[in-house]
Amino acid sequence: MIDFLRNEKNHKFVVPLLSVLFGFLAGAIIMIITGINPLEGYRALVKGVVGNPRKFGEWFVASSPLIFTGLSVAFGFRTGLFNIGAEGQLIVGSFAAVVVGIFVDVPAYIHLPLVLMSAAVAGALWGFVPGFLKAKYKVHEVVVTIMMNYSALHLINYAIKALPGSTKTRSVDILPSASLSSEFLSNITNHSRLHWGFLIAVLGAIVFWFIIERTTFGYELRSVGFNPTASEYAGMKVNRNIILSMMISGAFAGLAGAMISVGTFDYARVIASAEGYGFDGIAVALLGNNSGFAIIISGMLFGALKAGSSAMALASVPKEIGHIIMAFIVLFAAMNYGIKRFLARLGKEEK
Amino acid sequence: MDFIQFIKIIMPLTLASAAPIISTSLGGLFSERSGVVNIGLEGLMMIGAFTSATVTVLVEPSLGVLSPWVGIIAGIIAGGLFSLIHAYVSINLRADQVISGTAINLLAGGLTIYLCQIIFNQQRTRTFLYGIKKQEIPFLSDIPLIGDAFFSKVHITSFIVILLAIIVWYVVFKTPFGLRLRAVGEHPGAADSMGINVYRMRYIGVILSGLFAGLGGSIMVLSQDIQYTHMSIHGTGFIALAALIFGKWHPIGVLGAGLFFGFSQALGVIAFQVPFLSKLPYEFFWAFPYVLTIIALVVFSGKSAGPRAIGKPYDKGER
């Protein structure tokens, strides 16, 4: 067992698993300190995720946007960029989807792809700005994307209210032909808000994997992320690749927005503050090792925390414990150097 | 509204909104000058704000008017303690500093509301009676015009923060400690070879950022709010980060940038009373500081103003 843990080949999946384990342990410790029985808390969490068909459906509803923001952040990471702006790209994407959903009147088989495409394009455009500024002016993308998040929040809130028919809190409903929601899925899960978005998220992960692992373009992007100078020397267009990879990253985040606006709600909402999907995406990407398929799993895990934590409130555990566990998992995932060192030392003392 | 009236209304508001930005931004300055990026300022402010609001509520019955000051001190200490997580993870464990800072923000957002539930059984703290009240500064408020605009109906904390900016300038640029701090942020290897303990200096930088952000959060909640909620800080930590860049990592620059962002926020609050501004939606004023920061970044680009070793973990073996 110890040899298994010490073997560096296994670290790729042992480290994320340990991060999750430590995250839940830390959550348990917080609960114990604050006088709550963690076993009851976690039992309520599990019940809140798989307790009945409806909760099961809501789990997938919560996971779909997280998978997309995870893919968005991961795409940036793989190409050497830190896209902390998935939140803003998500906001503009969700708005673009709703605009096309309200004002374009075409049959569903054209409408739905059009809606998704516009969300992706809007997200990509929002991602273009930090990409362009980094390529042209060497401005660091982290700060620009944070600023873009808040700009998006306020400007889109204004734009939603400016749409015809909007109230102070929401737009009008989108046309039924633009919606991802499905009576069938809703019925089999006891009237949850389950929609087709999850399948699209899985499709997104496959596209992610294909671009990164199976195309020359993806190889170039990774190469630029790994060593821009060497890539430039090898004849790759570094600046163009930075902009493109930021745009693709933004497109994934824009689709996350579509999951929410034309999947979960079917209208655009004026929000007082960012809902944290972008930051959660960092957690999803980190835990998913920035690889397409692992991101589906880590997205499902964080989706479970998000969906199930409100059920924990019934067991008199404040639902914010979900955020706390998530934060600890990110913290432990970020410490992977420390965890690897800890694993390498395991068992050495006895010898 | 004529111009003089406009100044009289907007100046006290500017000073009030600028104080938390400046304080937190000065904290970020210590951390980033030592070479550690601190995206977690927002979270550290939340911790400070939550602690000070909670302590104020709890000690109010016995201490009365003194309680917000006890609250502020508690908030400062809590911010400092919480920043130790960021320091340990990013200095000792050499984690990615941006990710570590993100984790701080997530953790603070969850933990503060969680503790509100535990302590007060609601999503927010109880309301406090004794916040930091607006007051007249004796003598100075008697000066015509200036007295009305700057020294009556202001929070004393705004002036404490402005004074702090000057002290920070002195410490960072005129003392041996400041020189060491900057050396560690510019070229840790060289600093180390001169006998400066890089890890210790960076720890001090990060802890100072926690103390200052704790102060900023405390001032913000106690002067602008009646209780701590998940909306109390609403991105001010990120504005502080912007002010740090806008002010080119210089305390006096930070002071100016903080006042400017404070002014733009104040403008958003009173815009509906100003004739030609009332046509613009208030969301534009809220987005203004962020858009402006992006423009500033582009304008400053090329002249790399930031510390050179920023964001890079220091590994002794690589020297």
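No lab work stands behind these numbers, since they all come straight from the coordinates. As the structure is a computational prediction, the values presented were derived from the model and not from experiment. Note that each Cβ is placed from the backbone with ideal geometry, even for glycine, and that neighbours are counted across all protein chains shown.
The table below lists the values:
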read-out	value
MRE, 222 nm, helices only [DSSP H, n ≥ 4, -39500 (n - 2.57), over the protein assembly as shown, to nearest 500]	-23500 deg cm²/dmol
Cα shape, segment A:252-313, gyration tensor, a/c 1.5 rule	oblate
³J(HN,Hα), Karplus 6.51/-1.76/1.60, whole Hz, each residue of segment A:49-58, x for Gly, Pro	9, 10, x, 8, x, 5, 5, 4, x, 5
Total formal charge among the other residues, if their Cβ is under 13 angstrom from that of A:Gly281, Lys/Arg +1 and Asp/Glu -1	-2
Separation of alpha-carbon centers, segment B:30-85 and segment A:51-108, rounded to whole Å	35 Å
For B:Gln135, residues with placed amide H under 5 Å, excluding near neighbours	B:Lys153, B:Val154, B:His155, B:Ile156
Gyration tensor (alpha-carbon) shape descriptor, chain A, a/c threshold 1.5	oblate
Distant-in-sequence amide H partners of A:Arg170 (H built 1.01 Å from N, under 5 Å)	A:Val270
Length added when fully stretched, A:Val172-A:Leu314, from 0.36 nm per residue minus Cα-Cα	47.8 nm
In segment A:229-308, the trypsin sites (Lys or Arg not before Pro) that fall in loop regions by DSSP, at most 14 other Cβ within 10 Å	A:Lys237
Point-to-point label distance, A:Trp209-A:Tyr137, nm (Cα→Cβ direction, 7 Å offset)	4.0 nm
B:Arg308 paired with B:His187, simple spin-label distance in nm, labels 7 Å along Cα-to-beta-carbon	0.5 nm
Estimated FRET transfer efficiency when R0 is 45 angstrom, pair B:Tyr170-A:Ile297 (beta carbons, to 0.05)	0.25
Residues of segment B:251-281 with amide N under 18 Å of a point placed 7 Å along Cα→Cβ from B:Phe6	B:260-281
Cα pair distances in segment B:1-124, grouped into 10 Å bins until the bin that holds the longest one, percent each	13, 33, 30, 18, 6, 1
Global form of the protein assembly as shown, assessed from the alpha-carbon gyration tensor, a/c cut-off 1.5	rounded
Loop-located GluC sites (Glu not before Pro) in segment A:258-349 whose Cβ has at most 10 other Cβ within 10 Å (DSSP)	A:Glu349
Estimated inter-spin distance, B:Asp315 and B:Val70, nm [label 7 Å along Cα→Cβ]	4.9 nm
Exposed-loop-free span, longest in chain B, where chymotrypsin sites (Phe, Trp or Tyr not before Pro) count as exposed if DSSP calls them loop and at most 14 other C-beta atoms lie within 10 Å	B:1-138
Contour minus Cα-Cα distance for A:Arg43 and A:Glu183 (0.36 nm per residue)	47.3 nm
Length-normalised contact order for chain A - Cα pairs under 8 Å, 6+ apart - percent	36 percent
Sites matching trypsin sites (Lys or Arg not before Pro) across segment A:107-140 that sit in DSSP coil, with at most 14 neighbouring C-beta atoms within 10 Å	A:Lys138
